[in-house]
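First comes the structure, then the notes that go with it.
The values are calculated or read from the model by the stated rules, or taken from the named source; none is laboratory data. Please read these numbers as outputs of a predicted model, since none were measured by experiment. To get the accessible areas, we keep the full protein, side chains included, count just its heavy atoms, and leave off ligands, DNA and RNA. Shrake-Rupley method; radii C 1.70, N 1.55, O 1.52, S 1.80 Å.
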Amino acid sequence: MSYQIPKGLFDILPAFQSPNDLWRTSDYWHYVETKLRYLASLYGYSEIRTPIFEKTELFTRSVGDTSDIVFKEMYTFEDKGKRSMTLRPEGTAPVMRALIESRSLHETPYQKLFYFGPFFRYDRPQAGRYRQFHQFGVESIGIPDPEQDAETIAFLYHCFESLGIRNLVLRLNSIGNQASRSEYCKALKSYLEPHKSHLSEDSQARLEANPLRILDSKDLNDIEIIKKAPSILDCLDSDSAAHFSRLQQLLNELRIPFKIEHNLVRGLDYYNKTVFEFTTESLGAQNTIGAGGRYDGLIEKLGGAQLPAIGFAVGIERLLQILIEEPSLLPPLTGPMLLLLPMGDDAKTKVLSLSSVLRKHNVPTEIFFKSKKVQKALQHAEKIKAQFFGVLGEDEIKNQSIKIKHLSTRDETLVPFDQLPNFFERRPNYGQS
Ligand code: HAM
């Protein structure tokens, strides 16, 4: 009996296993994660980790029970206590739940948090769309001003820039406040009503429950009809309109190019005012690499204080799929600095103590215990991308020194045992395995 990974899931593998999709290489995941963590610290964000499942009501209440995510895509199960639980489909609601529950917003009503982790949505898998995927997300709580929107978008833009990703389009919209949105929904409904029979089945159902969602439709017929729909920007309340215009001014000042898309509504019900997404042409249909928006009413809706907030999340799979298109954007895959091959039991003892000293000097060192065959050890060294190689036997123990071979230049240097840490510490790439 052999087992296969469930549909829509994937493994992240070390480089030496040569995953057939390079973006699934764990070294690249580390690289991206380290970079994004560093950038988050530059902007004053601290890490938060929440569980991967929550009570189902948290998502129905926040993401919205007419949204596709809640309606079609949640992994919901009953636990042994007959409580309905859901694998988190997104991170914003759990983070708000955690903040409200810990009462930390009472003491610190201004907070900036980031998270990394797996999320789960049951959708038809395709390139760029998985049933378990990973997000880097940030949430900034407490500031209602457009300056916070600008800083948040600038942060996301900086993330892409710093990873070397270019040619992204920032799409921007404002969906106003609750009242202006209801007003707009009425206008949209009266525009769509006469076209009802031509709309897709999904959109016909949404016409009653949540007409705004129709603007998100990927159905070609729907898209044609939507083209002439009224614009939400014509229905904005004065506060949202002023907020949106100041945000555009700030983005211009920051030299962040954007495109206003009045049909951009996003698939989560908690947004108000600013919504945005970054898209790229290189990803095919699943072309949104990061997205977010303001959600000023969510904390209160979930039982917390009346606090404004804004955030975004980036899909790590999509990010990596863009990066591997241009190999120069990714760091070289390096293995350990040194692979040592011991020849016999005394040599094994010596190699264990030598490598222990080397590791204490931060020199990544591996020992080949598998066989005494130099050819086999060299093949392994190549596979794991070791930079140096050394064989240690009786002669080496007698002379207290070992020949170290640089595997790409083939140069060999005789190094006394007590000089080994020094020999490697001077190497470029040192400690970066
Ligand atoms: P979202 O737009 O649903 O927003 O997801 C954010 C990003 O996650 C997407 O742009 C995409 O890159 C990635 N993503 C979503 N679904 C999948 C999937 N099935 N497979 C691969 N990647 C996927 C949110 O989740 C909000 N919580 C973002 C946010 C934070 N808004 C405010 N704060």
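Normalising by the residue count of the range 240-356, find the relative contact order in percent from Cα pairs under 8 Å and 6+ residues apart. Don't skip to the answer; put the middle values down first.
Details: 100 pairs, mean separation 17.0, N = 117.
For the range 240-356, the relative contact order is 15 percent.
Amide H neighbours of ASN272 under 5 Å, counting only residues 5+ apart in sequence or on other chains, H built in-plane at 1.01 Å?
Those qualifying (amide H under 5 Å, at least 5 residues apart or on another chain) are ARG294, TYR295, ASP296.
Taking the Cα atoms of the range 215-365 alone, what are Rg (to one decimal) and Dmax (as a whole number) in Å?
Gyration radius and largest Cα-Cα distance of the range 215-365: 26.2, 82 Å.
Amide H to amide H under 5 Å from SER401: which residues, 5+ apart in sequence or cross-chain, H placed 1.01 Å off N in plane?
Long-range HN contacts for SER401: PHE417.
Pop out the ³J(HN,Hα) list for the range 75-90 in order, Karplus 6.51 cos²θ - 1.76 cosθ + 1.60 with θ = phi - 60°, rounded to Hz; leave Gly and Pro as x.
With the stated coefficients, the range 75-90 comes to 8, 10, 9, 9, 7, 5, x, 6, 9, 7, 10, 9, 5, 4, x, 7 Hz.
How large is the accessible surface of PHE77 in square angstrom, using a 1.4 angstrom probe and rounding to the nearest 10?
Here the accessible area works out near 80 Å².
Kindly report the accessible area of the chain per residue (heavy atoms of protein chains, probe 1.4 Å, no ligands, DNA or RNA), in Å². Write out the running numbers ahead of the final one.
Details: 21980 Å² over 433 residues.
I get 51 Å² per residue for the chain.
Report the relative contact order of the range 222-305, percent, no decimals, based on alpha-carbon pairs under 8 angstrom and at least 6 residues apart.
Working: 58 pairs, mean separation 17.8, N = 84.
Relative contact order comes out at 21 percent.
Which of the pairs LYS82/LYS112; LYS55/LYS273; LYS7/LYS82 have their Cα atoms more than 31 Å apart in this structure?
Working: LYS82/LYS112 35 Å; LYS55/LYS273 28 Å; LYS7/LYS82 27 Å.
Result: LYS82/LYS112 exceed 31 Å.
Starting from the amide H of LEU264, placed 1.01 Å from N in the peptide plane, find each other amide H under 5 Å away whose residue is 5 or more places distant or on another chain.
HN-HN under 5 Å from LEU264: empty list.
In bins 5 Å wide, starting from 0, what share of all Cα pairs of the range 212-277 does each bin hold, as a percent?
Histogram of Cα-Cα distances, whole percents per bin: 3, 14, 23, 24, 18, 11, 6, 1.
Using the Karplus equation 6.51 cos²θ - 1.76 cosθ + 1.60 (θ = phi - 60°), what ³J(HN,Hα) coupling, rounded to whole Hz, does each residue of the range 119-128 give in order, writing x for Gly and Pro?
Once θ is set to phi - 60°, the couplings for the range 119-128 become 10, 9, 9, 8, 9, 5, x, 7, 3, x Hz.
Only Cα pairs under 8 Å and at least 6 apart count here; give the relative contact order of the chain as a rounded whole percent.
Details: 729 pairs, mean separation 65.5, N = 433.
Relative contact order of the chain: 15 percent.
³J(HN,Hα) across the range 397-413 via Karplus (A = 6.51, B = -1.76, C = 1.60, θ = phi - 60°), whole Hz, x for Gly/Pro?
Karplus-based 3J(HN,Hα) across the range 397-413 equals 5, 4, 8, 6, 8, 9, 7, 10, 9, 7, 6, 8, 8, 6, 5, 10, 10 Hz.
Which pairs in the list LYS189/LYS227; LYS189/LYS218; LYS227/LYS301 are over 25 Å apart, alpha-carbon to alpha-carbon? Let's see the in-between values first.
Values: LYS189/LYS227 14 Å; LYS189/LYS218 18 Å; LYS227/LYS301 33 Å.
From LYS189/LYS227; LYS189/LYS218; LYS227/LYS301, over 25 Å: LYS227/LYS301.
Tell me, what is the Rg over Rh of the range 21-109, with Rh the Kirkwood radius over Cα pairs? Intermediate results must be reported in sequence, preceding the final value.
Working: Rg = 16.5 Å, Rh = 15.6 Å.
So for the range 21-109, dividing Rg by the Kirkwood Rh gives 1.06.
Express the carbon and sulfur contribution to the solvent-accessible surface of the chain as a percent, rounded to the nearest whole number, probe 1.4 angstrom. Before the final figure, lay out each step's value.
Values: 10990 of 21980 Å².
On the chain, the fraction of accessible area on carbon and sulfur atoms equals 50 percent.
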